[in-house]
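Here's the structure we're looking at; comments come further down.
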Amino acid sequence: MRVLVKVAKGIGEFVGELVGEALACLLVFGVLLGVGFLVIQGMRVSPAGTATAGGLFVLFVGYGAMEAFRGPGRRRKGRLAAAATVAFGVVAVLAFLAASCTCWWS
């Protein structure tokens, strides 16, 4: 009886991880499609504005990366530094999920 319980728990854990990975992959794919759609629409309206906004976003995320990897005593306090660090974290997590998602390569 104990073996059946362990097998059922193992199967439940496997299914849970499978569903979680599929949802994460769909989330990353949806975000990627949304950003792609916004970039395409922005390029139709104003190519220079879209390139400028993209460059500013890259600088903002880079500032967040710089703040995230500073020592604990050297970090800046404030909303801008916190927002940039959160933006870097979100971009890093989405990039990691996109890179590790097997649905892209199969």
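The values are calculated or read from the model by the stated rules, or taken from the named source; none is laboratory data. Model, not experiment: these values are computed from the prediction. Reconstructed Cβ throughout: ideal geometry from the backbone, glycine too, with neighbour counts over all protein chains shown.
Key figures
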read-out	value
Residue in segment 69-92 that is at pLDDT below 85, within 14 Å of the chain's Cα centre (by Cα) and under 19 Å from Val35 (Cβ atoms) present	no
Hey, Val39 surrounded by 10 or more Cβ atoms within 10 Å (Cβ to Cβ), touching a residue at least 12 places away in the same chain (Cβ under 8 Å), closer than 17 Å to Ala99 by Cα and aliphatic (A, V, I, L, M) or not	no
Residue within segment 72-79 that is in contact (Cβ under 8 Å) with a residue 12 or more places away in the chain and either exposed (fewer than 13 other Cβ atoms within 10 Å of the Cβ) or part of a helix (DSSP H, G or I) (or both) present	no
Test: Val86 is surrounded by 12 or more Cβ atoms within 10 Å (Cβ to Cβ), assigned to a helix (DSSP H, G or I) and either in contact (Cβ under 8 Å) with a residue 12 or more places away in the chain or aliphatic (A, V, I, L, M) (or both)	yes
Enumeration of residues in segment 52-75 that are over 20 Å from Ala92 (Cα atoms) and hydroxyl-bearing (Ser, Thr, Tyr)	Thr52
Check on Val31, surrounded by 10 or more Cβ atoms within 10 Å (Cβ to Cβ), of a type in the set (Val, Ile, Thr) and at pLDDT 90 or above	no
Test: residue in segment 57-71 that is part of a helix (DSSP H, G or I) and surrounded by fewer than 12 Cβ atoms within 10 Å (Cβ to Cβ)	yes
Test result for Gly49, farther than 17 Å from Gly89 by Cα, modelled with pLDDT of 85 or more and exposed (fewer than 12 other Cβ atoms within 10 Å of the Cβ)	yes
